[in-house]
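Notes follow the structure.
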Amino acid sequence: MRDRGVHGLLDSFRPVMIWQPPVLHVRYPEDRDLHLNGRGLRLIPSHFCWRTPIALADPALPQVLAYPVAHPPAWAPEATQDRRPEALATLVGRTRARVLAALDTTATTGELARRLSISAPSASEHVAALREVDLAHSQRMGTQVIHTLTPLGAALLNGDLPPRRPAT
């Protein structure tokens with residue numbers, strides 16, 4: 001921002017976002033246009049945002065766009081991560097594991113369905129099952145339902161569960 005101004009800042013977000021004045025194109029799971037109409041856009045770098053930026057779902061609120069920052073290779077969990085997707089799929093089923101992994105970024109039912117190439121009713125059914133065991137949380141916002149991981153869901157997905165205690 002200091003060296004190249006607003007245009008330089010927005011252009012530095014490639015490839016996640018592409019600045020073609022006056023439009024900021026963002027790789028986002030849902031195809032939509034957001035017109036700021038003179039309102040500002042708050043950009044928030046996020047260590048916990050992966051692959052794609054996340055925008056607020058409510059256009060009436062001030063616009064916020066959280067975007068992923070680069071993660072150093074040393075930050076990723078150890079080699080056990082390589083086996084985690086298969087083990088999770090064995091435990092909860094392949095599609096449900098994909099839904100859980102897709103919730104690493106907040107999504108609506110429609111966004112999940114499009115991301116995973118499954119039907120909206122199937123996405124809704126899988127999220128409901130994850131919600132029943134406290135791995136996902138859903139909240140209605142107007143006509144949409146927003147789904148997120150719970151802390152337990154994030155811990156399961158990331159392999160951060162505490163070690164099993166021996167039986168007493």
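For residues that are assigned to a loop (DSSP other than H, G, I, E, B) and at pLDDT below 90, scanning just region 105-132, find the one that is surrounded by the fewest Cβ atoms within 10 Å (Cβ to Cβ).
Among residues in region 105-132 that are assigned to a loop (DSSP other than H, G, I, E, B) and at pLDDT below 90, the one surrounded by the fewest Cβ atoms within 10 Å (Cβ to Cβ) is Thr106.
Let's see how each residue does on (1) at pLDDT 75 or above; (2) open to solvent by less than 80 Å² (accessible area, probe 1.4 Å); (3) among the small types (Gly, Ala, Ser):
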site: Gly8; (1), (2), (3): yes, yes, yes
site: Arg32; (1), (2), (3): no, no, no
site: Leu41; (1), (2), (3): yes, yes, no
site: Val64; (1), (2), (3): yes, yes, no
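Cβ-Cβ contacts under 9 Å between residues 6 or more apart (or on different chains), taken from a first residue in region 34-55 that is touching a residue at least 60 places away in the same chain (Cβ under 8 Å) to a second residue that is surrounded by 11 or more Cβ atoms within 10 Å (Cβ to Cβ) and of a type in the set (Phe, Trp, Tyr), are absent.
Kindly evaluate Val23 against the criterion of being within 30 Å of Asn158 (Cβ to Cβ) and open to solvent by less than 80 Å² (accessible area, probe 1.4 Å). Lay out the reasoning, then the answer.
Details: within 30 Å of Asn158 (Cβ to Cβ): no; open to solvent by less than 80 Å² (accessible area, probe 1.4 Å): yes.
No; evaluated as a whole, the condition is false for this residue.
Residues satisfying the criterion are absent from region 138-154 (criterion: modelled with pLDDT under 90 and over 23 Å from Ala66 (Cβ atoms)).
The values are calculated or read from the model by the stated rules, or taken from the named source; none is laboratory data. Predicted model, so just to flag it, every value in this text is computed and none were measured. With ideal geometry, Cβ positions are generated from the backbone for all residues, glycine too; neighbour counts draw on all protein chains shown. With ligands, DNA and RNA removed, areas are computed over all heavy atoms of the protein, side chains included. Shrake-Rupley method; radii C 1.70, N 1.55, O 1.52, S 1.80 Å.
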